[in-house]
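Trainee: Sharing a structure here in structure tokens format.
The values are calculated or read from the model by the stated rules, or taken from the named source; none is laboratory data. Bear in mind the structure is a predicted one, so any value in this text is a computation, not a measurement. Note: areas computed on protein heavy atoms with side chains; ligands, DNA, RNA excluded. Shrake-Rupley method; radii C 1.70, N 1.55, O 1.52, S 1.80 Å.
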Amino acid sequence: MTRWRAKRRYEANRRFGERADDTLVAIAILKGRRDGIELEQTDEELAEKLRRGRELLEDIRDALAEDPGVDPYEMAIAEELVSNDPNPPSVLIRDFDDLIDALETAEQTLTYSEELDDVRTWLKRISNTASRTSRDAVSRMRGSLANGTR
């Protein structure tokens with residue numbers, strides 16, 4: 001893998017992780033609000049974070065469905081998720097549709113629901129997968145640099 005490709009993959013995976021993490025924060029804030037804890041976050045900021053999380057899940061769902069317009073890095077994340085899940089992609093796609101619906105409802109109502117617990121679980125998996133994939137890409141890049149390969 002060239003340094004350029006490794007860096008590009010690292011940046012793409014880092015952005016994936018950031019989008020997932022931002023959405024996890026938004027979900028935690030909604031849960032806090034439900035429990036009577038008010039945090040410094042405007043409704044617009046919360047809705048934006050939830051929207052970005054919904055778009056991330058849509059990207060992964062499209063990758064699971066092998067949509068030809070999907071970014072190769074999204075496809076790599078989806079393939080990693082499929083390889084570590086006992087369910088076939090068709091079941092995962094239906095699960096992701098439910099997750100997307102839950103996030104869309106939260107985005108519109110800015111209220112916490114129990115369905116967001118599943119969203120949190122999947123976003124953590126996506127974030128961890130993206131981080132692991134980024135670390136692997138950096139390790140491969142370092143290895144190729146140490147070996148003199150470019």
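Trainee: For the range 2-132, what relative contact order do you get, as a whole percent, if you take Cα pairs closer than 8 Å and at least 6 residues apart?
Mentor: Here the relative contact order equals 38 percent.
Trainee: If you roll a 1.4 angstrom probe over the protein chains with everything in place, what fraction of the accessible area of the chain belongs to carbon and sulfur, to the nearest %?
Mentor: 46 percent
Trainee: So, one more: Nearest 10 degrees, 0 to 90: what angle lies between the long axis of helix 43-64 and the longest principal axis of the chain (Cα atoms)?
Mentor: 50 degrees
Trainee: Moving on to the next point. Relative to 2.2 N^0.38 Å, what does the C-alpha radius of gyration of the range 2-132 come to as a ratio? Two decimals please.
Mentor: 1.07
Trainee: Can you give the angle from 0 to 90° between the axis of helix 115-146 and the longest principal axis of the chain, with both taken from C-alpha atoms, to the nearest 10?
Mentor: 20 degrees
Trainee: Helix 3-34 versus the longest principal axis of the chain: what angle, 0 to 90°, nearest 10, using Cα atoms?
Mentor: Approximately 10 degrees, to the nearest 10.
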